[in-house]
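The structure under discussion is supplied below as structure tokens; questions concerning it will follow.
Derivation of every value follows stated rules applied to the coordinates shown; laboratory data play no part. All values reported here derive from a predicted model rather than from experimental measurement. Neighbour counts run over all protein chains shown; Cβ positions are idealised from the backbone, glycine included.
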């Protein structure tokens, strides 16, 4: 399995919200809706977000998956990421 690190974009000091995570995935076919995303991917993205929230506690952190098959940028909601952290 090839592990590609997430893309964390430079964060300007004036940014109100942070969306530094563009995790690329190559599933074929790619999920069309966030509720079709494999739970392991949600948990991975949620963990990245949790780390960045500790680094930037005063800003909301947004995260997305980039599906290379479509291509599509799928933003994952904060609620979905929070649930992923508490799931087994």
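Would you please state which residues of the range 32-53 a label at residue 70 would reach in this model, taking the label point 7 Å out along Cα→Cβ and a backbone N cut-off of under 16 Å?
Within reach of a label on residue 70: 32-39, 41-42.
Based on the mean of other Cβ atoms within 10 Å per residue, sort peptides 35-46, 59-70 so the most packed one is first.
59-70, 35-46
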